[in-house]
1. Which of Gly223, Gly22, Gly180 moves most in a GNM of the chain, Cα contacts under 10 Å?
2. In whole Å, what are the extents of the chain along the principal axes defined by its C-alpha atoms, from largest to smallest?
3. When the chain is treated as a GNM, springs tying every alpha-carbon pair under 10 Å, which of Asn164, Asn149, Asn16 comes out with the largest mean-square fluctuation?
4. Using only Cα atoms, tell me the angle between helix 210-226 and the longest principal axis of the chain; keep it within 0 to 90° and round to the nearest 10.
5. Using alpha carbons only, how many degrees (0 to 90, rounded to 10) separate the axis of helix 165-175 from the longest principal axis of the chain?
6. Could you list the trypsin sites (Lys or Arg not before Pro) in region 99-129 that lie in coil according to DSSP, counting only those with at most 15 other Cβ atoms within 10 Å of their Cβ?
7. Could you give the size of the charge dipole of the chain about its Cα centre, using +1 on the Cβ of each K and R and -1 on the Cβ of each D and E, expressed in debye and rounded to the nearest 20?
8. Roll a 1.4 Å probe over the protein heavy atoms and report the accessible area of Met1 in Å², nearest 10.
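The values are calculated or read from the model by the stated rules, or taken from the named source; none is laboratory data. No experiment lies behind these values; they were computed from the predicted model shown. Cβ sites come from the backbone with ideal geometry, for glycine too, and all protein chains shown count toward neighbours. Areas reflect the complete protein model, heavy atoms only, side chains present, ligands, DNA and RNA absent. Shrake-Rupley method; radii C 1.70, N 1.55, O 1.52, S 1.80 Å.
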Amino acid sequence: MIHKLTIEFTLDKKQNIDYNIGSVLQGIMMTFLDRDYGEILHRQSLKPYSQYFEIKDGKYYWIINTLTEEAKEKIIDKILVSNRRSLDLIYRKTKLNIEKIELIKGIISQNEGKRDTIVYFKTPTSFKKTSGGYEIFPSVRHIFNSLINKYEQFGEDFVEITYNKNDLLEEIIQNVEIVGYNLKTETFGVKGNYLPGFMGSVNFKVKGNQDFKNIISKLLKFGEYSGIGLKSTMGMGAISII
C-alpha cells in the first residue's frame, strides 16, 4: 500500500532554499528511524520510499512517499508519533517550522491510459550510463526501465502486468515515443558533489491497445510515488503527470 506524507513548513530565518535541500532532508528523516531498519534500508539497492522538497504557490513542502506497508510503519508513522513541530537545519543555522501535515493513501487508477501524456520532472533527474557517467537527457528506455524495476520490486500486481519485464520494456520502446519536450539541464547537490540531470516536461505518445495504454498510465502514476532514475531517496527524480 502506497502512502504520501506532505509536510508544509516555514523557515525560522529568511533564506533561499530549493530542491537541493532534499539530501539534507533525507538525513533528517533517518534520525526518526530505528537503527535496525535504517541498516536494512542501507543494504537495499532499491528502497521502498522516495522523498523530495518542492516550493508551490510560495509555500515549502517536504513530501515522503512509502511504497510498502512496512515502510509506512517504519518511516511515516515514526515521524507522526514524534509530534515534532520543527526540524533543525543545522548547516543553515535555522529551523523548519512545521505548519501542517497531511497523510493520504496513494491511488493508482486502473483504466486511465491515454494516447498523449505529459510528464513533468519536478527535481533533477538522471540515469547511470553503462559506460560510466550520467545520462542527462530522457529516453523512453531509461525512464521505463527505471519504472519497471521499481514496480517489479514494490508494485502489488506486477505479475498481472507482465511475466517478463524485458519483453515489456521492448514493447514499450516500440510503442511509446517522445514527441516533445521543454527541458533544461540542472545539477543536484549530494554531500558536496553535484550530479548532472534534467528538469522540465516531456510529451509522450502511446500507441497500442487500451490495455497497453493502461499499463503505461499505471507505471507513470507509480512513478509519482517511487520517483524515476537515480537518488530518488535523496530528492531527485520527482515527477507529476499533467
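1. Per the Cα network of the chain with a 10 Å cutoff, Gly180 tops the list.
2. In descending order, the Cα extents are 52, 36, 35 Å.
3. Largest GNM mean-square fluctuation: Asn16.
4. 20 degrees
5. Orientation of helix 165-175: about 70 degrees from the principal axis.
6. Passing both the DSSP loop test and the Cβ count: Lys114, Arg115, Lys129.
7. 840 debye
8. The accessible area of Met1 comes to roughly 80 Å².
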